[in-house]
């Protein structure tokens, strides 16, 4: 089990501030690192992996600095976004070379290739690989020494649906085993399915941390949207619209439901069942319609 600690870290390149005073802790399990293009995700991952020094602050793995500390690479596996690889090698040769750097041999390389289901292409040159195959052989190289911390920068890029599902299952399994897995992605649906915890970076700053549903509920300054089906939608709408906790109610005839904007989340959640009871209206469905990761991410980026 490994814990990565980022403490008041900033990084600038000339006059450009790529990462601005970020503090976070990444522990065991699967964490998704989210942010728009140019938000600073890759810069942050490079500092986590010890490839880049913070301009200020510190990055430590179990209390040890990642920068200029060769010993941490016994614990870290890294899958970079960039495509630079040794194309003249076969997939097996590439993974074996990384195994040998860790004092391991072909047995470890074969196990890693089997883990990512690349045995069938291990003797082909990397120059013949598709983007998805390159991603998988990079993953094998990162896993060859059985790391406790795995850092992945856009690992799903170029993978077909089956490859993505296989990688998601692998990462989920690793998180369940108690390893620390952090991956960046712009594919929100996959993050929503995979990550038990998210960290959001916007314009180089740390915007949010935690479960995305909990983050949404903390956004009291943004109206919460609900889809409500009841035994009498019109009567329920009439009873709710007068209360200041609601900002707007729309009768959706196609859905056979009410679309409600609640500006006072705690008051509305107490009001709805009380109003239904007092008016003898049966509630059939009450579901938030803006608690998806996509909605939460859009709110954070626009904030």
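The values are calculated or read from the model by the stated rules, or taken from the named source; none is laboratory data. Keep in mind that this is a model prediction, so the values were computed, not measured. As a convention, Cβ positions derive from the backbone with ideal geometry for all residues, glycine included, and neighbour counts pool all protein chains shown.
For region 97-116, residues that are closer than 17 Å to residue 133 by Cβ and in contact with a helix residue (DSSP H, G or I) (Cβ under 7 Å, 6 or more places away or on another chain) total 6.
When 2, 10 are screened for being in a loop (DSSP other than H, G, I, E, B) and either touching a residue at least 24 places away in the same chain (Cβ under 8 Å) or touching a helix residue (DSSP H, G or I) at 6+ places or on another chain (Cβ under 8 Å) (or both), only 2 passes. Quick one: is residue 100 surrounded by fewer than 20 Cβ atoms within 10 Å (Cβ to Cβ) and within 22 Å of residue 180 (Cα to Cα)? Taking the combined requirement at face value, the residue does not satisfy it. For region 266-299, give me each residue that is out of contact with any strand residue (DSSP E or B) (no Cβ under 7 Å at 6 or more places or on another chain) and assigned to a loop (DSSP other than H, G, I, E, B). 279, 280, 291, 292 - these are the residues of region 266-299 that are out of contact with any strand residue (DSSP E or B) (no Cβ under 7 Å at 6 or more places or on another chain) and assigned to a loop (DSSP other than H, G, I, E, B).
Of the candidates 260, 241, the single residue that is over 28 Å from the mean Cα position of the chain (by Cα) and more than 30 Å from residue 188 (Cα to Cα) is 241.
So in region 117-132, with the set limited to residues that are without any contact (Cβ under 8 Å) to a residue 24 or more places away in the chain and touching a helix residue (DSSP H, G or I) at 6+ places or on another chain (Cβ under 9 Å), which one is surrounded by the fewest Cβ atoms within 10 Å (Cβ to Cβ)? Spell out the reasoning first.
First pass over region 117-132, keeping only residues without any contact (Cβ under 8 Å) to a residue 24 or more places away in the chain: 119-120, 128.
Cutting the leftovers down to touching a helix residue (DSSP H, G or I) at 6+ places or on another chain (Cβ under 9 Å) gives us 119, 128.
On the way: 119: 14, 128: 11.
Restricting to residues being without any contact (Cβ under 8 Å) to a residue 24 or more places away in the chain and touching a helix residue (DSSP H, G or I) at 6+ places or on another chain (Cβ under 9 Å), the top hit is 128.
Residues in region 1-41 that are touching a strand residue (DSSP E or B) at 6+ places or on another chain (Cβ under 6 Å) and more than 20 Å from residue 210 (Cα to Cα): 10, 11, 18.
The rows are residues; the columns are (1) assigned to a loop (DSSP other than H, G, I, E, B); (2) crowded, with 19+ Cβ neighbours inside 10 Å; (3) touching a helix residue (DSSP H, G or I) at 6+ places or on another chain (Cβ under 9 Å).
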residue	(1), (2), (3)
17	no, no, no
37	yes, no, no
59	no, yes, yes
68	yes, no, no
92	no, yes, yes
95	no, yes, yes
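Within the span defined as region 192-210, one or more residues are over 30 Å from residue 12 (Cα atoms) and at pLDDT 90 or above. Condition test on residue 206, is it in contact with a strand residue (DSSP E or B) (Cβ under 6 Å, 6 or more places away or on another chain) and under 18 Å from residue 27 (Cα atoms)? Considered against the rule, which asks whether it is in contact with a strand residue (DSSP E or B) (Cβ under 6 Å, 6 or more places away or on another chain) and under 18 Å from residue 27 (Cα atoms), residue 206 comes out as yes.
Do we have residue 274 as out of contact with any helix residue (DSSP H, G or I) (no Cβ under 6 Å at 6 or more places or on another chain) and more than 15 Å from residue 225 (Cα to Cα) here?
Yes.
Among the residues in region 212-234, are any at pLDDT below 85 and over 27 Å from residue 190 (Cα atoms)? Scanning region 212-234 turns up at least one residue that is at pLDDT below 85 and over 27 Å from residue 190 (Cα atoms).
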